[in-house]
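Here the structure comes first, spelled out in structure tokens, and everything after it is commentary.
The values are calculated or read from the model by the stated rules, or taken from the named source; none is laboratory data. Note that the structure is predicted; figures quoted are calculated from it, not measured. For neighbour counting, all protein chains shown are included, and Cβ atoms are generated from backbone atoms with ideal geometry for every residue, glycine included.
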Amino acid sequence: MIGVSLTKSIHAGDLDLTLGGVVIRDGWISPTDFSNSNWLNQSPLQLTYARLLDDVSRLDENAIDDANKLAEKVSEQSAAGQFAASLQTFTGLIDLIDKSSGGVNIFNFLFNTSGVDLRVLAAEDKQKEVRGSPLMRFVGQDLSGSSGPNTIEGIMNGVIKEKLKIIPNNLVWQLATVAVFNALENEFMKPAINEVDELLSLGVNVTVYNGQVSTT
């Protein structure tokens, strides 16, 4: 986690900075806990996403058992350190929910994912299947319409690039790309609880927030 490295460098005197705090939005701090809830009450594994979507009538009972089996497999693979395999199983989990719910929007279960603009994830033809997968929609859902001057993408490629004066003109900042996603396949399912605890122990203010209609 970059926050830990930054804080250690500041404490070591390598960086003359003041870190006011770290904000984590929809943090993927413990992926296994997002997949199931046995950490809460030691009951049979229940898929967090599936249970919530069932409660709001976006997913039927027929999909719950299948989702629970995949959730258990995610937990087993993660516990064994098989993080790339765990990510693939989690992809199947998202795919099952996508197909069983009519394409529910992971970031807002009141809507569906139809019409999502994935142009920012454009890649070679051989990557079309990856780019259009439910997991890529999960990762890049809020990229839709993110190219305006007042968006994070517009700011990073506009005023920030001009201010820093070190970023090549042909280098475009993006929220997510297929190439980066593939390169991080062994990282997505790794828990970051220890890193957050370390930030707190180093005196860093950590703020975590999630959306009210988001399944994350």
Report yes if Val159 is assigned to a loop (DSSP other than H, G, I, E, B) and surrounded by 11 or more Cβ atoms within 10 Å (Cβ to Cβ), otherwise no. no
Of the conditions (1) in contact with a Pro (Cβ under 9 Å, 6 or more places away or on another chain); (2) modelled with pLDDT under 75, Ile155 satisfies every one except a single condition; which number is it? (2)
Identity of the residue in region 96-112, surrounded by fewer than 15 Cβ atoms within 10 Å (Cβ to Cβ) and not small (Gly, Ala, Ser), that ends up farthest from Asp26 (Cα to Cα): Lys99
Selected residue (only one of Leu70, Leu93 is modelled with pLDDT of 80 or more and under 16 Å from the mean Cα position of the chain (by Cα)): Leu93
Looking only at region 76-110, which residues are more than 13 Å from Tyr49 (Cα to Cα), among the polar types (S, T, N, Q), in contact (Cβ under 8 Å) with a residue 24 or more places away in the chain and touching an Asp or Glu at 6+ places or on another chain (Cβ under 9 Å)? Ser86
Considering only residues that are of a type in the set (S, T, N, Q) and either modelled with pLDDT of 90 or more or assigned to a loop (DSSP other than H, G, I, E, B) (or both), which ones fall in region 8-45? Ser9, Thr18, Ser30, Asn36, Ser37, Gln42, Ser43
With in a helix (DSSP H, G or I), crowded, with 17+ Cβ neighbours inside 10 Å and modelled with pLDDT of 85 or more as the only criterion, which of Ser5, Ser78 stands out? Ser78
Which of the residues belonging to region 163-216 are among the aliphatic types (A, V, I, L, M), without any contact (Cβ under 8 Å) to a residue 60 or more places away in the chain and in contact with a helix residue (DSSP H, G or I) (Cβ under 7 Å, 6 or more places away or on another chain)? Ile167, Val172, Leu175, Ala176, Val178
